[in-house]
Each structure stands twice: as structure tokens, then as C-alpha cells.
Amino acid sequence: MNVLSSRRAGVALAIALLASTGPAEAARRSTPTRPAPTKARSASTTAPTPTTTTVAPRPAEEAEPEDASPRLLVSDTTQPTVKVYDLATMTLISTLTVTGPARLYTGDSGRYVVATQRDRDTTALIDSGLVPVVHGDHEHLEARAPSIVSTFAGPKPTHVVAHDNDIVVYNDGDGSASMLSERTPTAVRLIASVYGAHHGVAFPTPEGLLTSLAGPGDPLPSGMSLVAMDGAVKMAMPHCPRLHGEAAATNRLGDTVGFGCDDSVLLVRRSPNGAYTWDRYQFPTDRPKGTRTGTLVAAKNAPFLIGNYGGDLGRFDIDGSGWKHLPLPAAQAGFAFDPSRSGSVLALLRNGDLVRINPISGAVTDTVNLMPPLAAPGGEGSASPTLAVGARAAFVSRPTGEVLEIDLKTFSVARRLNTGGSPLTIAIAGR
């Protein structure tokens, strides 16, 4: 379940030299002009000394600050800590103490990271310390000390949505949602439950929340609904059995939010005037047993969503024109868009490879082996390799206490970071 460049501003110095000539005045009103005395000229005269104009030296160009380096945050499987590393030097900046083992999610701005601690009924909002500072007509990231800016309670916080600088944490324990804005990160609003406890999701919209709906006792939802902030249900969009996973994309027609289902992908569209429609990409009935979509990702300006289709991937066009099955050489264990190549997708495979995929053709264009084949996935809270992607590099954690940096240009391992412990999740802050 929304990684930039510094710009130069020059200082220009203009020097204007003005000269004017004209006939001398014949007379002044108050005092007549005396004729200048004449002087005989010698055959040889000395040339007049030229007037020298001293021009001040051009001032040195104003130094343009550069963005602070991105930072990598690493949580641990057993320890209540989040370590923060400077990615330029791979050095540890700070170790933050939370309540319990945390799962990390980066907000839209790239500054804040959400740390959910499901087993401790707690969520923390971490300020990475990469603070935007206005410089002329643009901003730069300034490096400061990381900190925890707010901690808030909620039973079994699990699914996190970060969209348009809003963050919503769904609390599975009672079906409530904790909502905040990255613009005012300490003001957390608790939205009361409508459908009771279940493993759900809530997505922020101008009209309220797109909230998963579930029957009494259902562990997974069966559809979505639009709920106003006062709790009034404005519309229901059922027929998405065992709904899990979401991602949002925007095009000229408005916002499209996709949700994974057992038998389809549900697309909910909001037009610029606030009207809602929905449809589904139905999966074939003869697909292998257990093949479903439970995770979706999106990228800015991409005309499609990427989701898992069982162990493979699927491309789901947001305009409703169709979807495509993308077979993989081995089952995937995580995937994300590749910002270094517009539209490309990265997938971490269970055979230990990281691959780059062309989602239009489905071709695997690059492969690098990172580790031996992965063990079977464990339950909630167990350590497994995780993938996080920045502007120029991807990062893969290993439960053995290591994070690998993969250069996206050469598609090879560039550096290895020894984190110690057993990383649970990783997140990138900055740009």
C-alpha cells in the first residue's frame, strides 16, 4: 500500500554606462558665461589621460543549498526500535524507541513515516528530520534530528493509507479509523466505526471516507461504502468478496481507487465534480485455485495499477479498458513501481531474485540475484525480506540483519548495510 532535484537560482549584476553630448548653453539667466582663455598649442602635445572607471567585482554567486540525503528507517522483529540511517554515508543517525515491533509506511510528503504497532494497539508518527525549507521560489530539504511527533491509540492498527498528504490508519480491533494531515501532524481525529471490527481499510475523499463494509463476524470485508465524517452511509459498493489491498491513481477523469477481491479488482472512480461510479475487472473462473488480488500499488501519472494475481502480477488499466496477467519466473514476495524508469515495475521473487518488468509487454528486462530462496512466509510479525524503492536505488531487507542497496541504473548490488537484529520492515524518507 504518493522518491526530487535541487534547482539553481542565479544572481545577475547589470552595469549601465550612460553618456550624453550636446551644444553648450549660450548664456545663463543670472550670470553670463565667460569665454575660456585661449592657449597656444605646441607642435607636440601630450594626449589627455583617459578617465578610468572602476567597476566593482561581480559578487560571488549565492550558494545554492542542496537537498539533504534521503534516510532509511528500519524496524525490528522483536525490539521496540526504529533505526534511522543517512543513505549518503550509510551511517546510523538515531535509534527511536516505540512501544513494540512496528511496520513502517512513508507518507506522501516523504517527511513522515507511520509506525503501526498492531500488538500494542498503538501507532506512532515519526518525523524523519528531513524538513522542507523555502529558498526563493522553491524548497530544499534540511537535515534535522529524527523524532516521534505523536503517538495515538487504536485497537489493532493495521492498514495505512497515505493520499494527498492525508494519512488514515484503520483499526481492525473495532473498525474505527485514525486520521491526520501531514500539514498538522499532531492533530489526530478518530472516526468511529460503522461496520464493527474486521480487517478493513478507509480511504480519504473530500466527501468522507471510502470505508470497507463487512457483515457481523466477517474477518474480511465484502465491499466498500462511502461514509460521511458524521457516520452517515452515502452509498454502498458491494460484491468484492474478501476485500484486501488498495491503491489510488489520478487521470483527467478524476481519481480511481482500486481494491483487491477474491474474484476481481473493484475500481471506484470519483469525477472532478464529486460523482462516484464503480466497476470490476472480473477474473476468469478457470484460474488456479486461490488466485486472487490482495495487494495493489500505484504511481504518479501511471495509467494503471499493479497488483498481485496469485504469485504473479496483474496490470489493471484505470480507464476500464482492460487488465493483463503478467506471469513471473517465480512467485513474488513484494513489488513496487520503479521511479528510475517510468512505468517499469520491480518485483522481489521468492527464489531470491529482484527483477524489473515491462508491464505493457510483461517481459522481464533485468534480473539480479540477492539471496538464497526465501523461506515460506510466516504469520503476522514474522520476519521476511521487504522491498522499498527510492529515486535511484531499491532496498531489500534480510531477516539476517542486513539491508541491500540495488543501483537501479546498473541493476546490481551497490552497498550492504549491517543493521543488526532482524529487520521487520523498511521505509525511505526524503527524495
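The values are calculated or read from the model by the stated rules, or taken from the named source; none is laboratory data. Quantities reported herein were computed from a predicted structural model and do not represent experimental measurements. Using ideal geometry, Cβ is built from the backbone for each residue, glycine included, and neighbour counts are taken over all protein chains shown.
Could you please find all residues in the range 66-105 being under 18 Å from V389 (Cα atoms) and polar (S, T, N, Q)? Once the filter is applied, which keeps residues that are under 18 Å from V389 (Cα atoms) and polar (S, T, N, Q), the range 66-105 yields S69, S75, T89. Here T89, T99 are screened, and the one residue that is modelled with pLDDT of 95 or more, touching a helix residue (DSSP H, G or I) at 6+ places or on another chain (Cβ under 7 Å), surrounded by fewer than 18 Cβ atoms within 10 Å (Cβ to Cβ) and within 25 Å of P399 (Cα to Cα) is T99. Every test in (1) on the phi > 0 side of the Ramachandran plot; (2) surrounded by fewer than 16 Cβ atoms within 10 Å (Cβ to Cβ) is passed by G430 save one, and that test is (2). Just so you know, in the range 330-379 the residues that are of a type in the set (S, T, Y) and under 23 Å from the mean Cα position of the chain (by Cα) include one that is nearest to A394 (Cα to Cα), and it is S340.
All of G200, G136 fail the test of being over 18 Å from the mean Cα position of the chain (by Cα), closer than 20 Å to V227 by Cβ and of a type outside the set (D, E, K, R), apart from G200.
Among the conditions (1) crowded, with 22+ Cβ neighbours inside 10 Å; (2) in contact with a Pro (Cβ under 9 Å, 6 or more places away or on another chain), G154 misses just one, which is (2).
Each residue in the range 227-283 was checked for being under 14 Å from L209 (Cβ atoms) and not β-branched (V, I, T), and 15 of them qualify. Summed over the range 390-431, residues that are assigned to a strand (DSSP E or B) and of a type in the set (F, W, Y) total 1. Against the test of being on the phi > 0 side of the Ramachandran plot and either modelled with pLDDT of 95 or more or acidic (D, E) (or both), the options G274, G310 yield a single qualifying residue, G310. Filter the range 396-415 down to the residues that are in contact with a Ser or Thr (Cβ under 9 Å, 6 or more places away or on another chain), among the hydrophobic types (A, V, I, L, M, F, W, C) and closer than 17 Å to N351 by Cβ, then identify the one that is surrounded by the most Cβ atoms within 10 Å (Cβ to Cβ). Taking the candidates together, the pick is V396.
Taking the criterion of being closer than 16 Å to A228 by Cα, of a type outside the set (G, A, S), more than 20 Å from the chain's Cα centre (by Cα) and surrounded by fewer than 21 Cβ atoms within 10 Å (Cβ to Cβ), would at least one residue in the range 174-190 satisfy it? Yes - at least one qualifying residue is present in the range 174-190.
Of the residues that make up the range 112-130, is at least one surrounded by fewer than 20 Cβ atoms within 10 Å (Cβ to Cβ) and at pLDDT below 95? No, the range 112-130 contains no residue that is surrounded by fewer than 20 Cβ atoms within 10 Å (Cβ to Cβ) and at pLDDT below 95. G274 - would you say it is touching a His at 6+ places or on another chain (Cβ under 6 Å), part of a loop (DSSP other than H, G, I, E, B) and surrounded by fewer than 20 Cβ atoms within 10 Å (Cβ to Cβ)? No, not satisfied. For the range 188-203, a residue qualifies if it is in contact with a Leu (Cβ under 8 Å, 6 or more places away or on another chain) and part of a strand (DSSP E or B), and the qualifying residues are V188, R189, I191, A202, F203. Taking the stated definitions as given, is A145 at negative phi and surrounded by 20 or more Cβ atoms within 10 Å (Cβ to Cβ)? Against the criterion (at negative phi and surrounded by 20 or more Cβ atoms within 10 Å (Cβ to Cβ)), A145 does not qualify.
Please specify each residue of the range 137-173 satisfying the condition of being part of a strand (DSSP E or B), under 28 Å from F203 (Cβ atoms) and among the acidic types (D, E). Across the range 137-173, the qualifying residues are E139, D166.
Does P399 meet the test of being over 21 Å from A88 (Cβ atoms) and out of contact with any Pro (no Cβ under 8 Å at 6 or more places or on another chain)? No: the conditions fail for P399.
Tallying residues that are closer than 20 Å to H159 by Cα and either out of contact with any Leu (no Cβ under 6 Å at 6 or more places or on another chain) or part of a loop (DSSP other than H, G, I, E, B) (or both) within the range 82-107 yields 9.
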